[in-house]
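Undergrad: Structure provided below as structure tokens; questions to follow.
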Amino acid sequence: MIYFNNVSKVYNKDSLVLNDITLTITSGEFVSIVGHSGAGKTTLVKMILADDVPTEGTVFFESINIFKLKDGDLTKLRRRIGVVFQDFKLLGNKTAYENIAFAMEAVGKTNEEIESDVPHVLELVDLGSKMFNFPHQMSGGEQQRLAIARAIINQPELIIADEPTGNLDAINTYEIVQILKKINDLGTTVILTTHNRGVIDSIGKRVITMEKGRIIRDDKDSKNTI
Amino acid sequence: MVMIELKRIIKAGFINFARSGVISWAAVLVVTITLSVITAIILLQAVLHFSLDQIKDKVDVTIYFNVNAEESKIISLKESLEKLPEVEKVSYFSANESLKLFRERHQNDYSTIAALDEISSNPLGGYLNVKAREVSQYESIANFLNGDNTLVLGSTSIVDKINYHQNKIVIDRLNNIISGAQKLGFLVTLILIIISIIITFNTIRLAIFISKEEIGVMRLVGASKMRVRGPFMVEGAIYGIIATIFTLIIFLPVTIYLGNNMTNFLGINVYDYYISNLFQISVIVLLSGIFLGIVSSFIAIRKYINK
């Protein structure tokens, strides 16, 4: 599904963020990318969204070279991917309902579809009672659940969760990981980045360990690596 | 689908405006200042044009004819002059009318009237009063008169004198002043409008800068450029519309004050001018406001949307 072909990224002369990464992620996988801050995890996943550009190499989504896409095609590709960020990146001046509705409007869903699906997905992440709350009126865990709801609303083929538990306590972290596992069980490919090994212990799926821009380990079953 | 998208964009623009609170009103305030400058310039231009028109109206060229000049020749000259594109109006005063006007002008000057009464015949000839469309065109009218052979009767000219040659220096100077005032007015207008546009653009840019992260998020969730940019442009238009209303209201008391206190100084009742041209001024200010708001938003968002 995703193929990184000898990808390197240099921000300036002495800052090699990604160093010759070659990686394949197949459809339906749950891949955790673990590493310390600055290991290159976020840069790696940003490239799948073409939110960052490699200095060398390229990234393919299925057979599409992401960096050769025109603006309109890139927008269409992004609609096939759901994204969850550490800092939630919700639209601050929109309610929970509107945040999700916006993602649906972006892909051209009708008002009827929006009115029927948004309450349903909010119930799914246990935010039915917070439908008309703004993000700043919600806790960190609730905001992250809202971000996940937004990411899954259009039933994407891939979910990228970039440090989704970084700002959360243990209980919320557990909840978020369970939601991501459920999403993966339903067939959606999930890429999770974290600096916290504890988070991935409970998942038991493929773990890629990064250090200083390189993949130093790629274990198909994380339980064997700890 | 396009209509649904358009409706969503317009709705989002209104919601964003309402929810941005102080930032929205700060932008409206700055656009109001810009539109006030534009309105003030419109009124200043009106005052300037009115003053210049009054000065221009006082300038004319008079062709005085000899007593024995044939009226048919004068009428023929009048018709020739009226055909000139530079000429706005030609008035003919016959010898009798000249005398009548002269008597009226000097009715309190007994010695002059007594001297006239002594003479049995009319000592005054007729004259043509010529008004050009522009002050600068009097010279070409004078040149036309100098080159016209019909003005010669036998070996002598039927023209007694043309006062253009006496007034030439004053007319030239006036011409320079009018042209200078117009150029200066245009330059000041241009500078003020450019400054206002820059200030407005930067204020709207600041308002959009605050939302730059959200713009990035919208793009990452798959929103098209138009879907992201549209609501900001609608917001910009709303700034323009509200600022227009404020500007038009602000100028009511301002022009009432100017009309009551400055009419003699300015030579024009600014309030009357403002009210009688309110529709045109409103349209100019509204279009300027909407244009400024939309274009500023369009340009300001470009930096953050190209990802």
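Undergrad: Collect the residues in region B:264-307 that are buried (at least 20 other Cβ atoms within 10 Å of the Cβ) and in a loop (DSSP other than H, G, I, E, B), keeping them in residue-number order.
TA: B:I268
Undergrad: To continue, here is another question. Does B:S51 satisfy the condition of being modelled with pLDDT under 85, under 38 Å from the mean Cα position of the chain (by Cα), surrounded by 14 or more Cβ atoms within 10 Å (Cβ to Cβ) and of a type in the set (G, A, S)?
TA: Yes; evaluated as a whole, the condition is true for this residue.
Undergrad: Given the residues A:N133, A:N93, which is the only one that is in a loop (DSSP other than H, G, I, E, B), over 22 Å from the mean Cα position of the chain (by Cα) and within 10 Å of chain B (Cβ to nearest Cβ)?
TA: Of the residues listed, the single one that is in a loop (DSSP other than H, G, I, E, B), over 22 Å from the mean Cα position of the chain (by Cα) and within 10 Å of chain B (Cβ to nearest Cβ) is A:N93.
Undergrad: Which of the residues belonging to region B:225-243 are among the basic types (K, R) and at pLDDT 95 or above?
TA: none
Undergrad: Still on this structure: Quick one: which residue in B:I249, B:I208 is of a type in the set (A, V, I, L, M, F, W, C) and within 14 Å of chain A (Cβ to nearest Cβ)?
TA: B:I208
Undergrad: Please enumerate the residues belonging to region B:118-143 that are of a type outside the set (S, T, N, Q) and closer than 15 Å to B:I74 by Cβ.
TA: Result: B:L124, B:G125, B:G126, B:Y127, B:L128, B:V130.
Undergrad: May I ask you to verify whether B:S282 is in contact (Cβ under 8 Å) with a residue 60 or more places away in the chain and either over 30 Å from A:R79 (Cα atoms) or within 14 Å of chain A (Cβ to nearest Cβ) (or both)?
TA: The answer is no for B:S282.
Undergrad: Across region B:222-263, what is the number of residues that are assigned to a helix (DSSP H, G or I), farther than 18 Å from B:T32 by Cα and free of Cβ contacts under 8 Å to residues at least 12 places away in the same chain?
TA: The number of residues fulfilling the criteria is 4.
Undergrad: Continuing with the same structure: Which is out of contact with any strand residue (DSSP E or B) (no Cβ under 9 Å at 6 or more places or on another chain), more than 30 Å from B:T189 (Cβ to Cβ) and more than 14 Å from chain A (Cβ to nearest Cβ), of B:S20, B:S80, B:S51?
TA: B:S80
The values are calculated or read from the model by the stated rules, or taken from the named source; none is laboratory data. The structure displayed is predicted, hence computed values, not measured ones. All Cβ positions, glycine included, derive from the backbone under ideal geometry; neighbour counts span all protein chains shown.
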